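What follows is a set of notes on a single structure, which appears directly below.
The values are calculated or read from the model by the stated rules, or taken from the named source; none is laboratory data. In this text the structure is predicted, and so the values were computed from the model without any measurement. Neighbour counts are summed over all protein chains in view; Cβ atoms, including those assigned to glycine, are modelled from backbone coordinates with ideal geometry. Accessible surface is based on the protein model in full, side chains and every heavy atom, while ligands, DNA and RNA are left aside. Shrake-Rupley method; radii C 1.70, N 1.55, O 1.52, S 1.80 Å.
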Amino acid sequence: SQQGEEDPQALSIQEGENATMNCSYKTSINNLQWYRQNSGRGLVHLILIRSNEREKHSGRLRVTLDTSKKSSSLLITASRAADTASYFCATNSGGYQKVTFGIGTKLQVIP
Amino acid sequence: DAGVIQSPRHEVTEMGQEVTLRCKPISGHNSLFWYRQTMMRGLELLIYFNNNVPIDDSGMPEDRFSAKMPNASFSTLKIQPSEPRDSAVYFCASSPDSSYGYTFGSGTRLTVV
């Protein structure tokens, strides 16, 4: 079953614009992670935010976490054509190390 | 570091045949995960190992699927007999611990005809 649900499912923007993707989840979590998947490739880990953190930055990426609303957002600033990919959120909860992935947001950045 | 290595990259087999997928995790990572990805169901966790021991295999679809991790550097996922509905991309991932994200392999695209 899917824990996280990304919104929107598809997003198309012009190069240079910002892209925002959202993720909602159902149960309490230890951490939430964002991944990118280029077509035909494996997933690449982008950023991990712990349940006691509210915001995290990595280069052009900004992730926020609101545990009261059980939601997270991923912001990509100054998007590039190379950012075209699917983006997944994944949640880790309970005492185990496994994470559960959402259905993903397909981002297209038009040059 | 060569990353997580999966083989083969592509596999086409006939229904009823046995299929074995292979994975070499990153050295030092103590957890290994097998996922299956399809358009209809997205990414599904099949099984995960910690220190070579299966911890959670609740995602394994049925008895036709089995997974082993005989040592810290090798794991296999076997499907016997294979069926057309097993067609998917199978990913292996490894992680040092729960404070870190996963490193995924490039996947094995399985087609059962």
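Residues whose amide H comes within less than 5 Å of that of B:Gln17, counting only those at least five positions distant or on another chain, are B:Ser82 (H built at 1.01 Å from N in the peptide plane). Modelled this way, with points 7 Å down the Cα-to-C-beta line, the labels at B:Met39 and A:Leu61 are 2.7 nm from one another.
Here the scattering of the protein assembly as shown is modelled by Debye summation over its C-alpha atoms, one equal scatterer each and no solvent; at q = 0.09 Å⁻¹ the log10 of I(q)/I(0) is -0.36.
Total buried accessible area between A and B, probe 1.4 Å, nearest 100: 1600 Å². Pairs of Cα atoms nearer than 8 Å and 6+ residues apart set the relative contact order; for chain A it is 39 percent. Shown is the FRET efficiency for B:Thr76 and B:Asn51, computed with R0 = 22 Å from the Cβ-Cβ distance and rounded to the nearest 0.05: 0.80. Which of A:Thr20, A:Thr77, A:Thr91 ends up with the largest GNM mean-square fluctuation for chain A, with Cα atoms connected below 10 Å? In the Gaussian network model the winner is A:Thr77. Which net charge results for the neighbourhood of A:Ile29, defined as the other residues with beta-carbon distances under 11 angstrom from its beta-carbon, given Lys and Arg at +1 and Asp and Glu at -1? Overall, the nearby charge balance is +3. Within the accessible surface of chain A, defined with a 1.4 Å probe on protein heavy atoms only, the carbon and sulfur portion equals 45 percent.
Residues of region B:42-74 that lose at least 40 Å² of accessible area (1.4 Å probe, protein heavy atoms only) when the other protein chains are present, relative to their chain alone, are B:Leu43, B:Tyr48.
Across the accessible surface of chain B, with the other protein chains kept in place and a 1.4 Å probe, carbon and sulfur atoms take up 49 percent. At a threshold of 10 Å², the residues of region A:36-76 that become less accessible to a 1.4 Å probe in the full protein assembly than in their chain on its own are A:Gln37, A:Gly40, A:Arg41, A:Gly42, A:Leu43, A:His45, A:Leu48, A:Arg50. Assuming R0 = 41 Å, can you tell me the calculated FRET efficiency for the pair A:Leu75 and B:Asp63, based on Cβ-Cβ distance, to the nearest 0.05? Result of the calculation: an efficiency of 0.35. Local charge for B:Val112 was computed over the other residues whose Cβ lies under 15 Å away, with Lys and Arg +1 and Asp and Glu -1, and equals -1. Modelled spin labels at B:Tyr100 and A:Ser24, positioned 7 Å past Cα toward Cβ, are 3.4 nm from each other.
For the protein assembly as shown, the solvent-accessible area works out to 49 Å² per residue, with a probe of 1.4 Å and every protein chain left in place.
With a/c under 1.5 counting as rounded, go ahead and sort region A:5-110 into rounded, prolate or oblate using the C-alpha gyration tensor (a ≥ b ≥ c being the square roots of the eigenvalues; past the cut-off, prolate if a/b is larger than b/c, else oblate). Taking the square roots of the gyration eigenvalues as a ≥ b ≥ c, region A:5-110 is prolate.
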